[in-house]
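Report on the following structure.
Every number here is computed from the coordinates shown, using simple stated rules; none is lab data. Not measured: the values here are computed from a predicted model. Note that we place each Cβ from the backbone using ideal geometry, even for glycine, and neighbour counts take in every protein chain shown.
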Amino acid sequence: MANKKRRYSGIGGQAVLEGIMMKNKDKYSVAVRKPDGEIEVDIDEYTGIIKDSFWKKVPFVRGVFNFIDSLILGVKTLNYSASFYEDEEAKETKFDKAMGKIFKGNAEKVLTGFVTVLSVVFALAIFIGLPLLLTELFTKDIRNQSLIAMIEGLIRIVIFLLYVILISLNKDIKRVYKYHGAEHKCINCIERGKPLTVDYVKHSSRLHRRCGTSFILFVVLISVVLFFFIRVDNRFLRLGLRLLLIPVIAGISYEVLRLAGKYDNFFVRLISAPGLWVQKLTTREPDDSMIEVAIAAVEAVFDWKDFRKEYFGADYDEEERLRKKAEEEEELFDDELEFKAEDDIVIKEISSGEKPADEV
């Protein structure tokens, strides 16, 4: 069905190790292709660090909580997918048992929290601290503060792009990027009103405006603009002000991402273009088996048939019934043509005085 219009579905996801996480409101699923080839699907709920709070609905504030929730759920689901590929002997170590006793069954939550915090610290050090430190090399020769700010922003953008390119060289990351592509293809397929089947998903775009890659790029670009106006001489104060502005930047970036996902006009396409360019690095074309995993993750938390019927007026079950009926009629028609061809041969042989082949 050719349809150019797009409908916002509200679902989002993340690629994990040999699988996909899909989230729809508070419900999420993780589909993983296990070493034996089967697809394991786990369904659960995640309401966030604050449940149904007023602050989760306030523009520019909700983005901060959404960002934190995405990190926590991302680490949790990534650990879950990795558990299928651990060595049996390494699954339960003495350290794990000790942690279990100390935290009384909450070791997984503590570990998830620790890894999340560590990830944030690492990101701040790489994308905030390092550009500021490298910019110090130019302050002796350049006195123009505006130029210094532009150099810092440029360094930050280059570091981000180099980081994306370098990790893409890893063999495991390449497979994650393929699953990332499968995730996007499924969502694009749904939001374009097409049936969620392997064939339709395969021909959908692997780039999507609401991608986390685009969010991170928005964070980088918006930080360049905001940090441009911070003019203080003390390097520690400069670093401190940048860190304090991170929640503000995250909030703005989230609203821009929501805008890009819900609307389609020249302005939205313009601001979305850089993120889509970077996604060409962070996504790869998946194979059919990866698409099957992505479809399993979607169907566990989202009824795409009802969504398609409501917003696109298309009934998949009725389409399948008509398709099967058409195939049966085509088979009958082919059989009739075959019988007619055989009859024509017999008639031709008789009229020419020859015996039919089966009577010779």
- Note on the structure: With +1 on the Cβ of every Lys and Arg and -1 on the Cβ of every Asp and Glu, the dipole magnitude of segment 183-261 about its Cα centre, in debye rounded to the nearest 20, is 100
- To the nearest whole percent, what portion of all C-alpha pairs in segment 12-314 is separated by more than 30 angstrom? 39
- Using alpha carbon centers only, segment 50-84 is separated from segment 246-298 by a whole-angstrom value of 17
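Can you compute the FRET efficiency between Asp44 and Leu244 using 1/(1 + (r/R0)^6), with r the Cβ-Cβ distance and R0 = 35 Å? Round to the nearest 0.05. Mind dumping the intermediate values first?
Values: r = 34 Å, r/R0 = 0.98.
The value I calculate is 0.55.
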- FRET efficiency (Ala326, Val268; Cβ distance; R0 30 Å; to 0.05) is 0.15
- According to a simple spin-label model (label point 7 Å from Cα along Cα-to-Cβ), what is the distance in nm between Asn79 and Lys57? 3.2
- Message: Starting from the 7 Å offset along Cα-to-Cβ, what nm value, one decimal, do you get for the label separation of Lys280 and Glu255?
- Response: 3.1
- Task: Could you grab the relative contact order for segment 12-314? Cα pairs under 8 Å, six or more apart, rounded to a whole percent.
- Result: 27
- Query: Taking the mean number of other Cβ atoms within 10 Å as a proxy for protection, how do you rank 25-32, 206-213, 261-268 from highest to lowest?
  - Reply: 206-213, 25-32, 261-268
- Task: Go through Lys76/Lys194; Lys34/Lys57; Lys23/Lys51; Lys34/Lys56; Lys5/Lys280 and tell me which ones have a Cα-Cα distance over 28 Å in this structure.
- Result: Lys76/Lys194; Lys34/Lys57; Lys34/Lys56
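Once R0 is set to 51 Å, what does the formula 1/(1 + (r/R0)^6) return for the Cβ-Cβ distance between Ile159 and Asp306, expressed as a FRET efficiency to the nearest 0.05?
On the way: r = 44 Å, r/R0 = 0.87.
That pair, Ile159 with Asp306, gives E of 0.70.
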- Please give, to one decimal in nm, the separation of the simple spin-label points placed at Glu86 and Leu130, each 7 Å out from Cα toward the Cβ. 2.9
